[in-house]
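The values are calculated or read from the model by the stated rules, or taken from the named source; none is laboratory data. Nothing here was measured: the structure is a model prediction, and the numbers come from that model. Glycine also receives a Cβ, built like all others from the backbone with ideal geometry; neighbour counts cover every protein chain displayed.
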Amino acid sequence: MENTLQEYQEEMAHRRRIRSQAVAILRRSKDAGIPESEMRIGRDQLKPLLDLTFHDGKKGLEANALLDRIYDCANDLFKLNFIIIDGGNIFARRKAGFALLFRMIACDCNGMFYSCQDVAHKLQTINSTMDYNRNDITEDLKTHDVLFLEEFRKEQLKVGFEIQWFMDEILTARSLNEKPTIFTFSDMVAGSDKSEVNALANTAIYGQYMCMLSQLDTKPIQKTLRIRVKELV
């Protein structure tokens, strides 16, 4: 009887811990900017989004191996500097990005979601205020354990605002401190069917990192995961 009572108490304590962890994950996900409808995207929901012509084990990581990495070995994703998502449409890219962000937040980490357009707009505001300036934005983006920046387009890096140098500073700090950054690209990166024109080569305009990341298919870089999706309708 005593053993049964002890086992019952241990089981209840275990359930409370699981419940507490689940609540904490949902709270961190909400704080990160993930809509409730995009939380808990599972393997079976993500798999149909993957472009299997790319994720065939030759051009890109085979689909099941990719899903195993995301859902069975999520802590290993923190060994990456960058996760780049392209292809499909904005809805498919966003869903894949939120799936990764949520999965990584579940590894007892904090994260944040921003649109690249919003970040670019804030970094173009040269006039500082007492409350918030470009250096504050830069420091904030360096700190999150995982950062999801949605819908990068080269037009966002406008000449004369030094955005490229701020981006290089942010991404250098994040990679040196082993803090992964998830990007979705509005255009497919260079090397994929019809996308050669999307390669960025001028680092003085676009910065070193965005030039490198836009050419992944032809010039792979270490500690970077490529994910290509198809259209979500």
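Some observations on this one:
- Search result, residues across the range 144-154 that are assigned to a loop (DSSP other than H, G, I, E, B) and at pLDDT 95 or above: H144, D145
- Residue satisfying condition, being modelled with pLDDT of 95 or more, under 18 Å from S186 (Cα atoms) and either surrounded by fewer than 20 Cβ atoms within 10 Å (Cβ to Cβ) or among the hydrophobic types (A, V, I, L, M, F, W, C) (or both), within set L157, L141, L50, L80: L50
- Residue in the range 210-232 that is over 21 Å from R174 (Cβ atoms), touching a Leu at 6+ places or on another chain (Cβ under 8 Å) and at pLDDT below 90 present: yes
- Some residue of the range 173-183 being farther than 23 Å from D108 by Cα and in contact with a helix residue (DSSP H, G or I) (Cβ under 9 Å, 6 or more places away or on another chain): no
- Residue count for the range 57-74, restricted to those that are over 22 Å from L149 (Cβ atoms) and either at pLDDT 95 or above or crowded, with 19+ Cβ neighbours inside 10 Å (or both): 9
- Qualifying residue in the range 88-105 (condition: surrounded by 18 or more Cβ atoms within 10 Å (Cβ to Cβ) and not in a helix (DSSP H, G or I)): yes
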